[in-house]
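Asker: Before I ask anything, let me first share the structure, which is written out below as structure tokens.
What follows is calculated from the coordinates using simple rules that are stated; it is not laboratory data. Note that the coordinates shown come from a computational prediction; the quantities given were computed from them, not determined experimentally. We place every Cβ from the backbone using ideal geometry, glycine too, and count neighbours over all the protein chains shown.
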Amino acid sequence: MNKFGRNVVVALMVLLSFSVWAQQAVVAKSKSDVSMKLELEAAIGKGLSWLAGQQKADGTWGEPEYPALSALALTAFQGDPSGTYKRKYEGNIKKGYDQLVKYAKPDGGIYAEKLPNYNTSISLMALVVANNPGYEPVMKKARNFLVGLQDNLGDDVAVNGGIGYGGRYKHSDLNNTLNSLEALHYTRFLKSDVANDPEAKELNWKAAIQFVSRTQNLPGSNDQKWASDDPANKGGFVYFPGHSMAGEQKLDGDKVALRSYGSMSYAGLLSLIYAQVDKSDPRIKAVVEWLSKNYTLAENPGMGQEGLYYYFHTMAKGLSAAGIDTLTLRDGTKVNWRQDLAKRLLNLQKADGSWANDNGRWMEKDPILVTSYAAITLEIVQRGL
């Protein structure tokens, strides 16, 4: 792995604790920050210990058709801020990776049968944070596989440039596009190693940005007729062009808007960042404004309790990547979202160290999935305090 590659891995290992754009600065930590960091280390440790106890004899976690579940657990172990649990469960981690790479297919994907893009993207992220040069051949093939899933249907097709689940789910959507963009962004150091490789592929980033823009309620940058600039939805994102999981909202007269919602709006923010869109861009400014106005930790805005922990997960990633330490709410109040989110997740942790959502949408009743989400989220928060 070259020097640039090592630097990228180090950046990912701290899980976006610094802004993608901001200058790094040394800031004195208050006693309350130090106390909170220690409390979070303990909570993360309990979560990792619970995950270790859920590992199967073959080294996997959860349902075998979803290697992404194992990959998320492994990513959580790699992000352990204390290092204590990463050392304690070194054997579990090795066994998990040994099994994960067995899912690699001749086509480069890392999956069993279902959801090729989702499983490959999440698995590729776990391989990156392993910081093991031995995985690079698998990672290079996985990059090519993801690039090959991008829709190339022509600019006049709304979903052009996006990426979907793969397999029989051929429709591009913002969430799967985010997963791919994240994995491709953090494995970009591999491009220099394959620059002269005739088999190497590169994403059409211009088309990807156009797809992401077409999922935002922002007339002007979004050329789709459905895009709305009504105050409740302007700047937020939906699932794919013309469709929102949060449904529709009736406006004055006979107008209807697709409802923006929280988790997809953070997915949109992250996608733009990974595509290296400048922070001064109107699309970035608009989504940050929508997220600030709709800030809450009681629910996934627009979706209630559905996808709540994924909302927390994308919030921590998105605001950290954007270099945002405080949000200004509708009434002008400034909030420290890291402290708020830390306290919320501490209160939601179960006595055995796990987390789970009472609402089962998007598999969030699965404590393996949700505990991995929560642990990674707290690791991001902990490093930013």
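Asker: So if I restrict to the alpha-carbon atoms in the range 244-385, what is the Rg, and what is Dmax, the biggest pairwise distance, in Å?
Answerer: Cα-based Rg and Dmax for the range 244-385 come out at 15.5, 53 Å.
Asker: Would you kindly give the portion of the calculated P(r) for the range 42-146 that falls above 24 Å, as a percent of all Cα pairs?
Answerer: Taking all Cα-Cα pairs of the range 42-146, the fraction more than 24 Å apart is 18 percent.
Asker: Once Lys and Arg get +1 and Asp and Glu get -1 on their Cβ, which of V34, M315, P219 lies farthest toward the positive end of the dipole of the chain?
Answerer: Looking along the dipole axis, the top candidate is V34.
Asker: Mean separation of Cα pairs under 8 Å and 6+ residues apart, divided by the residue count of the range 283-353: what relative contact order is that in percent?
Answerer: 26
Asker: If you wrap a convex hull around the Cα atoms of the range 314-385, how much volume per residue is inside, in Å³?
Answerer: Expressed per residue, the convex hull around the Cα atoms of the range 314-385 is 110 Å³.
Asker: Continuing with the same structure: So what's the Cα pair-distance distribution over the range 34-74, bin width 10 Å, in %?
Answerer: With a bin width of 10 Å, the distribution comes to 29, 40, 22, 9, 0.
Asker: Still on this structure: Spelling out what I want: for every residue of the range 355-369, take phi, set θ = phi - 60°, compute 6.51 cos²θ - 1.76 cosθ + 1.60 (Karplus), and round to whole Hz; glycine and proline get x.
Answerer: For the range 355-369, the Karplus curve yields 10, 7, 9, 5, 8, x, 4, 6, 6, 7, 7, 6, x, 5, 4 Hz.
Asker: I'd like to know how the range 3-384 sits against the 2.2 N^0.38 Å rule of thumb: what's its Cα Rg over that expected value?
Answerer: The value comes to 0.94.
Asker: Determine the calculated [θ] at 222 nm for the chain from helices alone, applying -39500 (n - 2.57) to every DSSP H run no shorter than 4 residues and normalising by the residue count; nearest 500 deg cm²/dmol.
Answerer: -15000 deg cm²/dmol
Asker: Could you derive backbone 3J(HN,Hα) for the range 177-188 from the dihedral phi with the Karplus parameters 6.51, -1.76 and 1.60 (θ = phi - 60°), listing whole Hz in sequence and x where the residue is Gly or Pro?
Answerer: Working through the residues one at a time gives 4, 4, 4, 5, 4, 4, 5, 5, 4, 7, 10, 5 Hz.
Asker: Right, another one. In whole Hz and in residue order, list the ³J(HN,Hα) couplings for the range 143-150 that follow from phi through the Karplus curve 6.51 cos²θ - 1.76 cosθ + 1.60, θ = phi - 60°; x for Gly and Pro.
Answerer: Going residue by residue, I get 4, 4, 4, 5, 4, x, 8, 5 Hz, with x marking Gly and Pro.
Asker: Sum up the charges of everything whose Cβ sits under 13 Å from the Cβ of A52, counting Lys and Arg as +1 and Asp and Glu as -1, but leave A52 out.
Answerer: That works out to +4.
Asker: For the pairs K114/K141; K94/K279; K317/K365; K37/K293; K255/K293, flag any whose C-alpha to C-alpha distance is greater than 30 Å.
Answerer: Those over the limit are K94/K279.
Asker: Before anything else, pin down the relative contact order of the chain: Cα pairs under 8 Å, at least 6 apart, normalised by residue count, whole percent.
Answerer: 20
Asker: Using +1 on the beta carbon of Lys and Arg, -1 on that of Asp and Glu, and nothing else charged, what's the dipole of the chain about the Cα centre, debye to 20?
Answerer: Rounded to the nearest 20 debye, it is 840 debye.
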